[in-house]
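The values are calculated or read from the model by the stated rules, or taken from the named source; none is laboratory data. Bear in mind that the values here come from a model prediction, so they are computed numbers and not experimental data. Cβ placement follows ideal geometry from the backbone for every residue including glycine, while neighbour counts extend to all protein chains displayed.
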Amino acid sequence: MGRTRKNGRLYRKPGRPQWYAYLKDLGGGQEAMIPEGEKFATTDRDVATAVLAARIEELKAEAEGKPAAAKDKGQGATLAEYAAHHLERKARTGKVTEGWLAGAEMRLRRACEFFGAQRPLATISVKDVNAWVDWLAALPSHRNGRETLSGGTVRHHLNDLSNLYRRAQGEEEVPIGYNPVSLMLDKPQAERHEARWLEPHEAALLLEAARLHKPDRAYAAGPLHEIIATMLLTGGRQAEVLGLAVDDISFERRCVTFRPHPWRGLKTRGSHRTVPLWPQLEDVLRAYLAGPDAPKGKLLFPSPNPRALGHDEERMFRDVRRPLDTIAESAGWAPGEVRPHALRHTYTAARLQTLDRGAPVSVYTVARELGHGGTTMVERVYGHLGELRHRSEVVEYRPAIIAKIPDLGVRKTFIHRLRVVRGEAA
């Protein structure tokens, strides 16, 4: 005797990997779960579940005498108007930063450019989204015109569009389960590379190059040495360091506090934290705050950007990758070889080598200083031991450490690079 099918449930036929659903009680039949834009039933259960949800909504609408939203090609919210509504709602929650909103707006603008600003949401299919992915993959990267968007960047575009469709389902602009991004079988992924970090002697060389750096343009100046030193000696993310306030530095308690500010938020709740103010950073910041270039407002590192010059309003640095490139190149690195996030990895590697009351520092302590809720990320991604291992009470990168490089050839190379930076090389 055959097994009774439960209405609205997925099933597979004997010996077949495709998914089907029994929908007779809802006015349908025994139907193959075929995603939008495809010819055959899907073999992926998650995709089949989404297709089933959309089909149930369609059958319910037909039973009530209403046209299904996915079939109504001339009505419903358009992509441009709903994207604006979606971003407005996101901003109203207060859970996202201005930088996040700007990025999401740019990515959704690209969606409007490809699909058409007046394209109804319910008419964009999986096939359309696949074509958008190909279009995005051919776009030149904003970093330089020689490269195209990476897989990770394209995936960010898809995530923003998918998030928009999740809201559209909740607000009944499209049927429940209608999300052409989630129905895609193959999505681009970010390339995974081993994280780059600097050995202590490399960090010392970079700091010395930053200290002696003389910009060729007035607006490209700014406290770059102090910014790089703060990144290397706190492990803060680029936006966290660039958004520090003067009051976040406490010489009395010898700590640096990362907290939300009106001009920038933090990545997660756990990112609100306190990090030791190490002696080397204390020396750098004391000299900076007592010098002629000391900040006059709330920001510790106000931007010297020309758009801010001549105005009373102080502005944050948004990105130090270009000046960091210039400084790193002067010390012998290739363009793009040293990035702000590498400085965060560098701090972690150095901090794991420090002592806490005579014992090796706890991994959990280091994780908290990085703004992580647990130790997994530190152990899996950030915990580089490096070639130059030494135990110390503090995190520091002094030029004298170059003399401790165990490999004689490497030591001679770095001594020469240090002399070049200082202008002492013949």
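Filtering the range 216-239 to residues that are at pLDDT below 95, under 17 Å from E314 (Cα atoms) and in a helix (DSSP H, G or I) leaves A218, Y219, A220, L224, A239. Residue count for the range 241-272 satisfying the condition of being within 24 Å of L324 (Cβ to Cβ), among the charged types (D, E, K, R) and modelled with pLDDT of 95 or more: 1.
Condition check: over 30 Å from V420 (Cα atoms) and at pLDDT 95 or above. Does L309 satisfy that? Spell out the reasoning first.
On the way: over 30 Å from V420 (Cα atoms): yes; at pLDDT 95 or above: no.
Judged against the criteria, L309 is not a match.
Flag: R344 does not match the condition of being farther than 17 Å from G236 by Cβ and either touching a strand residue (DSSP E or B) at 6+ places or on another chain (Cβ under 7 Å) or outside any loop (DSSP other than H, G, I, E, B) (or both). Screening P340 against (1) modelled with pLDDT of 90 or more; (2) within 19 Å of the chain's Cα centre (by Cα); (3) crowded, with 20+ Cβ neighbours inside 10 Å leaves a single unmet condition, (3).
Just to be sure before I move on: is V241 touching a Cys at 6+ places or on another chain (Cβ under 9 Å) and either among the hydrophobic types (A, V, I, L, M, F, W, C) or over 23 Å from A102 (Cβ atoms) (or both) in the structure I sent?
Spelling it out, it is not the case that V241 is touching a Cys at 6+ places or on another chain (Cβ under 9 Å) and either among the hydrophobic types (A, V, I, L, M, F, W, C) or over 23 Å from A102 (Cβ atoms) (or both).
Among the residues making up the range 1-27, those that are modelled with pLDDT under 80 and aliphatic (A, V, I, L, M) are M1, L26. Is it true that K90 is at pLDDT 85 or above and either surrounded by 14 or more Cβ atoms within 10 Å (Cβ to Cβ) or farther than 17 Å from S162 by Cα (or both)? The answer is yes for K90. Say whether the condition of being of a type in the set (V, I, T), within 20 Å of Q280 (Cβ to Cβ) and at pLDDT 85 or above is met by at least one residue in the range 402-413. Yes, the range 402-413 contains at least one residue that is of a type in the set (V, I, T), within 20 Å of Q280 (Cβ to Cβ) and at pLDDT 85 or above. It is to be established whether one or more residues within the range 144-153 are in a helix (DSSP H, G or I), at pLDDT 90 or above, loosely packed, with under 13 Cβ neighbours inside 10 Å and not assigned by TED's automatic domain parsing to the domain that holds L266. No, there is no match, as no residue in the range 144-153 is in a helix (DSSP H, G or I), at pLDDT 90 or above, loosely packed, with under 13 Cβ neighbours inside 10 Å and not assigned by TED's automatic domain parsing to the domain that holds L266. Restricting A104, A168 to residues that are modelled with pLDDT of 90 or more, closer than 30 Å to R318 by Cα and in a helix (DSSP H, G or I) narrows the list to A104. Of all residues in the range 240-268, how many are closer than 21 Å to R368 by Cβ, surrounded by 20 or more Cβ atoms within 10 Å (Cβ to Cβ) and aliphatic (A, V, I, L, M)? Total satisfying the criteria: 4.
State yes or no: is R368 modelled with pLDDT of 90 or more, loosely packed, with under 13 Cβ neighbours inside 10 Å and either part of a loop (DSSP other than H, G, I, E, B) or not acidic (D, E) (or both)?
No: the conditions fail for R368.
Can you name the condition, by its number, that T78 falls short on among (1) over 23 Å from W132 (Cβ atoms); (2) touching a Lys or Arg at 6+ places or on another chain (Cβ under 9 Å); (3) at pLDDT 80 or above; (4) not aliphatic (A, V, I, L, M)? With respect to (1) over 23 Å from W132 (Cβ atoms); (2) touching a Lys or Arg at 6+ places or on another chain (Cβ under 9 Å); (3) at pLDDT 80 or above; (4) not aliphatic (A, V, I, L, M), T78 is out only on (1). Of note, A122 does not satisfy the criterion of being surrounded by 13 or more Cβ atoms within 10 Å (Cβ to Cβ) and more than 30 Å from I56 (Cβ to Cβ). In the range 319-337, the residue that is surrounded by the fewest Cβ atoms within 10 Å (Cβ to Cβ) out of those that are at negative phi and touching a Lys or Arg at 6+ places or on another chain (Cβ under 7 Å) is R321. Here is the figure for the range 400-426: residues that are part of a loop (DSSP other than H, G, I, E, B) and small (G, A, S) total 3.
Look at the range 399-426: where a residue is closer than 15 Å to S330 by Cα and in the same structural domain as L206 (by TED's automatic domain parsing) and a partner is of a type in the set (V, I, T) and not in a helix (DSSP H, G or I), sitting 6+ places away or on another chain with Cβ atoms under 8 Å, you get F414/I405. A21 falls short on exactly one of the conditions (1) hydrophobic (A, V, I, L, M, F, W, C); (2) buried (at least 17 other Cβ atoms within 10 Å of the Cβ); (3) within 15 Å of L183 (Cα to Cα), and that condition is (3).
Determine, yes or no, whether P279 is surrounded by fewer than 20 Cβ atoms within 10 Å (Cβ to Cβ), at pLDDT 95 or above and in contact with an Asp or Glu (Cβ under 9 Å, 6 or more places away or on another chain). So P279 fits the description; yes.
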